[in-house]
1. Across 10 Å bins from 0, what is the distribution of all Cα-Cα pair distances for the range 213-268, in whole percents?
2. Amide H neighbours of VAL469 under 5 Å, at least 5 residues apart or on other chains, H built in the peptide plane: list them.
3. Which pairs, out of LYS222/LYS496; LYS384/LYS465; LYS416/LYS478, put more than 26 Å between their alpha-carbon atoms?
4. Ordered by residue, what ³J(HN,Hα) values in Hz, to whole numbers, does the range 465-480 give under the Karplus form 6.51 cos²θ - 1.76 cosθ + 1.60, where θ = phi - 60° and Gly and Pro are x?
5. Between rounded, prolate and oblate, where does the range 260-333 land on the alpha carbon gyration tensor, with a ≥ b ≥ c its root eigenvalues, rounded for a/c under 1.5, else prolate if a/b exceeds b/c?
6. Which one, LEU238, MET263, ALA218, projects farthest toward the positive side of the charge dipole computed for the range 213-268 from Cβ point charges (K/R +1, D/E -1)?
7. Given the Cα-Cα distance of ARG327 and ALA276 and 0.36 nm per residue of separation, how much length would full extension add, in nm?
8. For a protection proxy built on the mean count of beta-carbon atoms within 10 angstrom, sort 353-360, 227-234, 150-157 highest first, please.
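Please treat every number below as a calculation from the coordinates, not as lab data. From a predicted model like this one, the values you see are computed outputs, not experimental measurements. Virtual Cβ from ideal backbone geometry, glycine too; neighbours counted across all protein chains shown.
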Amino acid sequence: MALGHRLELRQGQGLVITPQLQQAIKLLQLSNIELDAFVEAELERNPLLQRDDSDNETQRDGEADRATENLGLDAVSDSAASSQMDAVPDDVSPGERATGDGHEAGAEQAGGQIDWSRAGGGGNFEGNDGFESAMSRGPTLIEHLTDQLAVAGLSPARNAIAAVLIDAVDEAGYLRADLPEVAGRLGCDLELVEDVLAVLQGFEPAGVMARDVRECLALQLKDVNRYDPCMAALLENLDLLARRDMNGLRKACGVDDEDLREMVAEIRALTPRPGAAFHSDPPQTLVPDVHVRETPGGLWHVELNTDTLPRVLVDQRYHARVAKGARSDQEKTFVSDSFASANWLVKSLDQRAKTILKVSSEIVRQQDGFLAYGVEHLRPLNLKTVADAIGMHESTVSRVTSNKYIATPRGVFELKYFFTSAIQATEGGEAHSAASVRHKIKGLVEAERREADVHSDDRIVEILKESGVDIARRTVAKYREALRIPSSVERRRLLKEAC
């Protein structure tokens with residue numbers, strides 16, 4: 001067969017990801033903080049962009065009206081840019097809730113001896129009186145230690161060593177510096193550095209400047225004159241305490257049951273993080289992207305948080321002036337590219353806001369039972385269900401729900417929190433969401449008050465099946481571990497000790 005060259009023309013369709021489309025996709029998945037930083041960079045780079053800082057109340061009201069939507073009304077239509085973005089595939093698994101309320105949807109974490117979990121604090125987006133005062137900055141741990149050093153009366157040489165050691169303290173209050181390395185760097189004896197450290201370990205709060213947990217607890221016990229050989233033996237066997245091996249601890253410490261219980265109670269009253277009360281940086285508030293309120297008519301009103309939306313505009317007058325003054329081809333190209341980029345950014349920001357509102361409204365419509373009655377009424381939901389309902393691609397919904405938060409009457413949640421897997425119901429009933437099943441397991445464990453009330457995983461399976469949840473034992477064990485709930489054997493032991 002002879003080989004040769006020839007020209008052919010073929011016609012076909014394909015998706016071209018232009019730089020502008022890539023920018024629009026990038027904007028869609030940015031959080032409000034990342035978006036603000038991106039817009040600031042564009043304002044510095046593009047001379048035709050201008051921040052709209054107008055305080056005109058009429059303009060603000062008009063923007064708020066355009067950014068709100070009542071469920072039950074027609075959805076906001078997408079532009080051509082949204083249709084292009086919908087065609088880009090991207091599989092992102094749903095994430096977990098970031099912040100919860102203090103009721104049905106509390107954040108699960110271990111806490112206390114018998115209270116297996118504590119409810120996290122989430123707030124309504126209204127009624128934040130006094131919030132700024134609660135956020136006022138206090139002294140940092142390093143500042144607190146430096147103030148004590150100023151009145152310690154050390155010599156200049158020791159004072160210099162102490163300043164270096166204080167600078168190496170982390171937020172928990174632990175010394176994160178190697179003493180021989182500090183001595184070599186400062187050109188002094190290791191004994192002198194250790195002497196200075198001993199002085200610093202006498203500063204407040206008790207336990208600060210320790211190099212590990214054992215030393216931290218020992219310093220706190222010495223501060224209250226409770227550090228004796230028995231306590232020293234207990235601190236040397238903290239691994240036994242973590243396993244709750246009371247027989248091994250009793251032998252290691254050489255005490256009876258009553259003394260051991262008192263010693264363990266004293267250890268539990270101490271803090272392993274003495275510097276936790278101090279913060280080097282002020283806490284960051286979580287600003288929601290969307291607000292949800294219930295209207296008097298019983299509908300859920302969804303609106304964008306306009307405070308998080310950067311407002312930029314194209315300076316048409318400046319563009320006309322510089323376009324007229326451009327002489328060389330390079331100058332004309334720069335002006336043209338800047339004008340096109342500015343226009344595309346303004347359109348992309350507007351499309352991003354509409355898409356977030358549209359996705360959030362559909363999520364609220366799907367999860368209205370959760371908003372009205374709590375986490376037990378959270379429905380199974382996936383990206384495809386929302387995408388099909390609003391006519392978008394799953395990848396668009398995934399990007400919209402990444403790093404976006406919604407403020408509801410039940411707290412502030414990440415949008416991905418509302419996407420949960422389904423657990424089949426018995427006798428062909430309506431499926432249950434994984435989040436609601438975890439909440440039921442948590443409620444069963446919290447109701448345990450005596451050893452006889454403790455439910456094994458098999459018993460929890462039976463109780464859930466009686467309530468219509470078809471679940472396997474290994475799934476119950478997985479959810480229990482995710483909630484940081486000990487096993488039934490461990491819970492019985494703790495309840496016995498509490499009695």
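1. It works out to 25, 61, 14, in whole percents.
2. Amide H to amide H, under 5 Å and 5 or more residues apart or across chains, VAL469 pairs with THR426.
3. LYS222/LYS496; LYS384/LYS465
4. Result, rounded to whole Hz: 5, 5, 8, x, 9, 8, 9, 8, 5, 5, 5, 4, 4, 5, 5, 4.
5. Cα axes put the range 260-333 in the oblate bin.
6. About the Cα centre, the residue reaching furthest to the positive side is LEU238.
7. Working: separation 51, 0.36 × 51 = 18.36 nm, distance 6.23 nm.
Net length gain for the segment: 12.1 nm.
8. Sorting 353-360, 227-234, 150-157 by mean packing, highest first, produces 353-360, 227-234, 150-157.
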